[in-house]
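Reading through the structure tokens given below for one structure.
Taken together, the values in this text are just the output of simple stated rules run on the coordinates, not laboratory data. This structure is a prediction, so every number in the text was calculated from the model and none was measured. Cβ atoms come from the backbone with ideal geometry, glycine included; neighbour counts cover every protein chain shown.
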Amino acid sequence: MRQRVAQRVRTKAVERSADALRDALPRLSNQNAQGEYYLTDTIGVLAASGARVVAWQSPDPTLLLGVNTRWELAQVGHALRTRLLKQLCLEGVTVIDPATTYIEPTVRVGRDTVIEPNTHLRGDTIIGANCTLGPDLYLQDCTVGDRCHLFRSHIIQARIDAEVSVGPFAHIRPGTVLHTGVRVGDFVEIKNVEVGEGTKVLHLTYLGDATIGKRANIGAGTITCNYDGERKHRTVIGDGVFVGSHATLIAPVTIGDDAYIAAASAITDDVPPESLAIARSYQTIKAGWVRKRRESKKGAGGNEP
């Protein structure tokens, strides 16, 4: 009954002077049900010795929650996230679903940015203004410029300039720089690459240890072969380069400005500017091959597949 009518409770947060604490500690007793020494008992010791003891009332009860179990730790984490998200909303950020948004205290978000559900912002991450983040986005230790759209992707230790689009299902790894207006699409992995302004990397591509110029187009299925089994090598792609689908760029290699790489080419040598590089086998057509094959199988008594 006494617990039901109590209007104030004692928490574990106590402020004392160091001298008073040193004086009170030797006088603590463990004569209690648990047989333990309680630091909070120093309040009674000090009061009994004539010291002035003053109560402080917290404006927010969640600031004083104790943590003794992992469930209580989860509850405290929820309270902290709620305070952070509320403050962001007051500063002009839109949080669509606070229950599924996870933002650490070290993160900064600009005004009029919209945060969709299942977004995680962690570490030393700075987000610009007028961005759309998520849904299903993970960002850690990143810098993101204004007016970016990032969604359904995993991005770590990258710099993303203004008006960049990433997603869905992109993996941006440490050391990557995406300059203004870059577009990164689905199932693209980029690691330690600087991508120039306006360049497009839209489908099914791996780019590692490379420098790519402005306004380049990287076709679907392009791969930079950066590892020879012992060392990493760099690929350099100039401004305005067009890389056809399913191209393999075997580093170290340099593609000059405004060059074209034919689809399905395996490029092992440097390509001069404004050149077309074709590195693939010629197509061979054998007319009537299927009919002849069937006739030969019948003559041999074989069955149709």
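The value for the chain of Rg(Cα) / (2.2 N^0.38 Å) is 1.64. Label-point separation (nm) for ALA287 and TYR37, each offset 7 Å from Cα along Cα-to-Cβ? Label-label distance for ALA287 and TYR37, simple model: 10.1 nm.
Across segment 230-246, computed HN-Hα scalar couplings (Karplus, 6.51 cos²θ - 1.76 cosθ + 1.60, θ = phi - 60°) run 10, 9, 8, 10, 9, 10, 10, 10, x, 5, x, 6, 10, 9, x, 4, 6 Hz from first to last residue, x flagging Gly and Pro. Couplings for segment 67-82, taken from phi via the Karplus curve 6.51 cos²θ - 1.76 cosθ + 1.60 with θ = phi - 60°, read 10, 10, 9, 5, 5, 5, 4, 5, 5, 5, x, 4, 4, 5, 4, 4 Hz in order; Gly and Pro are left as x.
Contact order, relative form, for segment 66-277: 8 percent (alpha carbon pairs under 8 Å, 6 or more residues apart, mean separation divided by residue count).
On the beta carbon distance between PHE169 and ARG294, with R0 = 41 Å, the FRET formula returns roughly 0.40. Considering only ASN192, GLY229, LEU204, and ranking their Cα positions along the charge dipole of segment 150-230 that arises from unit charges at the beta-carbon of Lys, Arg, Asp and Glu, the one farthest toward the positive end is LEU204. For the peptides 46-54, 143-151, the ranking by packing is 143-151, 46-54, with the highest mean count of neighbouring Cβ atoms within 10 Å listed first. The phi torsions of segment 32-49, fed into the Karplus equation with coefficients 6.51, -1.76 and 1.60 and a -60° offset, translate into couplings of 8, 4, 8, x, 10, 8, 10, 4, 5, 5, 5, 4, x, 4, 5, 5, 5, 8 Hz, rounded to whole numbers, with Gly and Pro shown as x. Fully extending the segment from ALA47 to HIS78, taken as 0.36 nm per residue of separation minus the present Cα-Cα distance, adds 7.5 nm. Spatial offset of segment 182-204 relative to segment 35-77 amounts to 53 Å, using the alpha carbon center of each. In this structure the amide hydrogen of ILE103, modeled in the peptide plane, comes within under 5 Å of the amide hydrogens of LEU121, none closer than 5 places in sequence on its chain. You can think of it this way: the chain between THR94 and ASP19 has 22.1 nm of extra reach, that is 0.36 nm per residue less the Cα-Cα gap.
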